[in-house]
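Below is one structure; the comments refer to it alone.
The values are calculated or read from the model by the stated rules, or taken from the named source; none is laboratory data. Every value quoted in this text rests on a predicted model; they were computed, and no experiment measured them. Note that we place each Cβ from the backbone using ideal geometry, even for glycine, and neighbour counts take in every protein chain shown. These area figures cover heavy atoms from the full protein model, side chains too; ligands, DNA and RNA do not enter into them. Shrake-Rupley method; radii C 1.70, N 1.55, O 1.52, S 1.80 Å.
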Amino acid sequence: MAPFSPHEVHRATRIAIVGGGPRGISVIERIGALLSSRPDRTPLEINVIDPCQIGAGTVWRTDQTRTVRMNTLAGAVTMFTEPGATVSAPVRPGPTLYEWVEMLRHNGTLVNPSHIATFEAHPVHEEVRWTFAEELVSTRIDSNPSRALYGAYLRWCYQVAQTGLPDFVKLVEHRERAVSIDDELDGTDRITLSDGTFITAHSTVLATGWVQPGPDADEKELADAIENSSEELTWIRPGNPIDQDLSSVPDGGDVLVRGFGMGFFDLTALLTIDRGGRFVADPAARSGLRYEASGREPHLKVASGRGYPFLPKSEYGDLPPTSPLLRLRAVIDTLSVTDGPIDVGTQVWPAIARDAHEAYYRAIARARPRQVHAPISEIIRILDSTEVPPVIGTELDDALTGVVDPELLFDLPSIAHPLAGVTETPEELLRHIADGVAKDLAHAHYAYDSPIKEGLWAIASCRKPLAILCQGGRATVESRLGIYAQIMALGQMVGSGPPSFRSRELLALIDAGLVTFIGSEPKLTVEDGTFCIRSATTEDTPFRSTTLIDAWMHSPDIRRPAHRDLTASLGPRVRPFVWSNTSEAATGPFTTGSPEVDPVSRRLVGEDGEPDKRIHLVGIPTHSQMADTTISPMPGTDPLMLRETDAAAVSAVSVAMRTAAE
C-alpha cells in the first residue's frame with residue numbers, strides 16, 4: 001500500500017480504532033469491504049491503537065504458553081462473513097479456523113472451495129507452520145486449539161484485512177495504550193496515548209474487549225484487611241489467568257482459590273503443566289490419567305458460589321448438534337412481533353423447561369425403554385399440560401412420577417445447585433465431588449447417548465436466542481435479575497464448561513491429593529495473619545493460606561472505572577444502560593454497568609440521551625444491552641459479532657466523511 005503524500009495526509013479523513021483484537025481487525029476488514037465497493041476515493045487514514053500484538057490482541061497473543069486453550073472448537077469459529085449474511089458492506093468469504101489449519105497442512109479436501117482462494121491469495125508466513133507444527137498435525141474439527149494458535153489465525157486475518165483495503169486508505173499502527181479521549185473544538189476526537197502523543201480522528205471505534213473495572217466494595221475492604229494484616233499476604237486479583245502474576249504462588253504450598261469456571265481450569269493447567277508436572281495416560285485411573293508431580297505445584301483449596309466444578313463438554317467427535325428448541329422458537333416468533341416488556345418467568349421459561357425435559361426423556365426412552373412406562377407421545381403430552389412456575393423446579397418431573405422410574409427423573413434443581421443442603425466433612429465432600437466429576441465425565445463421553453447431556457444441551461442452547469429476544473432491556477427488571485439470570489448461569493455451567501480433558505486432569509489432581517474442596521457460598525475473612533475461607537457445606541471448617549487466587553474475571557462496568565480507564569475520560573458522552581421495563585410489583589429501573597449504545601450504529605449514547613457524534617463502541621462492554629457479546633463468530637450462523645462490526649464500520653466511515661467535510 002503506497003504511503004500518502006504530505007498533502008494527502010493533511011486532508012485525509014481519519015478513523016481511530018482503539019483495540020487491535022478480533023473486533024478491531026473485523027472493523028478494518030468491514031471498512032475495506034465497504035470502501036472497495038464505492039466509487040468515492042477520498043483519502044482515508046485508519047489508526048489502530050493497541051499496546052499488545054495487533055491482530056491477536058491481549059487474550060490471543062501468539063507468544064503465550066500453549067497450555068491455555070480456547071473454549072471454542074476449531075471448526076466453530078470464523079472471522080469472515082458468509083453468503084446470506086445480514087451485513088451492509090459486501091460479503092468477503094474466507095476460511096474458518098479449522099479450514100485454515102487444514103490448508104496449512106496442505107489438505108484442502110475439507111475446505112469450502114470459495115475459501116481456498118482467500119487463503120492462496122494471502123500466503124501464511126512459514127514461521128507459523130514450524131512454530132505450530134505439532135499442534136497443526138493434531139488439530140481436528142472438534143479440537144480446542146491453543147489460544148496462541150487462534151492468535152496466529154487472527155494475525156493472518158488481520159493481514160487479509162490490510163491487503164483488502166483500497167489504495168486510497170492508509171493504515172497506521174500505534175503500539176501504545178489509549179488513555180483518554182477529548183472532544184476537540186474543531187469537531188474531532190483527540191486520543192491521547194500512553195507515550196504522551198495524541199491522534200485526532202473524525203470518528204472513533206472502541207473495540208477494547210474485556211476491560212477490567214476498578215475494585216468493588218468487597219475488594220476494597222479486602223485490600224484494607226490485607227494492608228492491616230500482621231503477616232505478608234498475597235492476593236492475586238480477578239483477571240485473565242495469562243495476565244495474573246502466578247510467580248508469587250509458592251511451590252508446594254497451600255493456596256485458596258475462589259472460582260470454579262474456565263478461569264479455574266486455566267489456572268490449574270498453569271500451576272501444574274507449566275510447572276513441570278505431567279498428565280500420563282493410565283487406564284487403571286478413573287480419570288484415565290495419572291498426574292506425575294514436579295514438586296512445584298501448590299495444593300489448591302477451592303470454593304465458589306455453587307462449590308462444584310463447571311461440567312465438562314460432551315465428546316461428540318464433531319461439532320455439537322443443533323438443539324430443536326421447538327417450543328422456545330415458537331414463543332420467540334410470537335413475542336418478536338409484539339411490543340411491551342417480557343416476563344421471562346411466565347412467558348419464556350416454561351417453553352425452555354419443556355424443551356429440555358423432552359430432550360432428556362426422549363433419550364431416557366431410547367436408553368432405558370423398560371423403565372419408561374408410557375410412549376414418548378404421552379410423556380410429551382404430560383410435559384405440555386403441566387403448569388411450569390417461574391422457577392427452576394421439579395414440577396415436570398413430579399408430573400411424570402409413575403410414568404418414569406423415580407431414579408431416572410431429570411431433577412434440574414439438583415444440577416443447578418449440586419451442593420444445596422449438603423453438609424459434610426472436608427473428607428466427605430472431597431469424595432462426593434470426585435465421584436460427581438467421574439460421573440460427569442462418563443456423561444460427557446456418552447454425549448448423544450447421555451439423557452442428562454441431551455437435556456442440558458437444550459438449556460445451554462437456549463442462551464443465545466433468549467438473549468437476542470431480551471436484548472435492549474425488553475425483559476422486566478424482576479425477571480432479568482431473577483429467572484433470566486438463573487437460566488444463563490445454569491446454561492453457562494453446563495454448556496460453557498471445560499473440554500473434557502480438563503475435567504479428566506482435575507480428577508487426576510484430586511486423586512493425587514493436590515485439590516481440596518471447601519464448598520458453596522464461601523465466606524472470606526483475614527484473620528491471624530492468613531486468608532480464611534469457611535463454608536456451611538463443610539460445617540464452617542476454616543481453610544487457611546497466606547495466598548488467595550481469584551480465578552475469574554469481572555464483567556466490564558463503567559460505574560467503577562479502573563485507574564486511567566479510557567471510558568472515564570468520556571464524561572457526559574457516555575451513560576450506563578438502564579433496564580427500565582418493570583412489572584406491576586416493580587422495584588424500579590436497574591442501572592447496569594454497560595455503556596449504552598445506539599443499537600443500529602453502535603454509537604455511544606450520552607447523558608442527553610442522544611447518540612454521540614463520533615464515538616462508537618462494540619463488543620463485550622455492551623453485554624447488559626446487546627446479546628452474544630462474548631461469543632466468537634460461528635460459521636453458518638450469521639454471527640452477531642460480524643454484524644456488529646459491520647454496522648460500526650459503516651457508521652464510522654459515514655461519520656468520518658461527514659465530520660471531515662464540515
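Here are a few things to note about the model shown:
- Structural descriptor for the chain: relative contact order 20 percent, calculated from alpha carbon pairs under 8 angstrom and at least 6 residues apart.
- A Förster distance of 25 Å, applied to the separation of the beta-carbon atoms of M657 and D333, puts the FRET efficiency at 0.05.
- Taken over the range 349-502, the convex hull of the Cα atoms encloses 135 Å³ per residue.
- Nonlocal amide H pairs with I342, under 5 Å, H built at 1.01 Å: A475, T476
- Cα-based reach from K464 at 14 Å (exclusive), listing aspartates and glutamates while leaving out same-chain residues under 8 positions away: D628, D638
- Restraint check, K220/K613; K220/K301; K220/K439; K313/K523, Cα-Cα greater than 32 Å: K220/K613; K220/K439
- All-pairs Cα distance distribution in the range 512-629, expressed in whole percent, bin size 10 Å: 12, 28, 20, 21, 16, 3
- Distance cut-off 19 Å, percentage of C-alpha pairs in the range 245-382 lying past it: 72 percent
- The C-alpha atoms of the range 318-398 occupy a region whose extents along the principal axes are 47, 35, 20 Å, arranged from largest to smallest.
- Rolling a 1.4 Å probe across the protein heavy atoms gives the range 365-408 an accessible surface of 58 Å² per residue.
- Across the range 76-119, the volume of the C-alpha convex hull divided among the residues equals 73 Å³ per residue.
- Taking all protein chains together, E231, E102 sort by accessible area into E231, E102, largest first [probe 1.4 Å].
- For the range 164-268, the fraction of C-alpha pairs farther apart than 25 angstrom is 50 percent.
- The equivalent ellipsoid that matches the C-alpha gyration tensor of the range 505-556 spans semi-axes of 20, 17, 13 angstrom, in descending order.
- Share of carbon and sulfur in the accessible area of the range 256-336 stands at 55%, probe radius 1.4 Å.
- Each Cα pair of the range 61-173 feeds into the Kirkwood radius, which the Stokes-Einstein equation turns, at 10 °C and 1.306 mPa s, into a diffusion coefficient of 107 µm²/s.
- In the range 167-217, the ratio of gyration radius to Kirkwood radius, Rg to Rh, stands at 1.05 when only Cα atoms are counted.
- Taking the convex hull of the alpha carbon positions in the range 115-223 and averaging its projected area over all directions gives 12.9 nm².
- Adding -39500 (n - 2.57) for every DSSP H run of four residues or longer, then dividing by how many residues the chain holds, sets the calculated 222 nm ellipticity at -10000 deg cm²/dmol.
- When the P(r) is computed for the chain, the part past 51 Å accounts for 11% of the Cα-Cα pairs.
- Cα long-axis angle, helix 262-272 against the chain (0 to 90 degrees, to the nearest 10): 80 degrees
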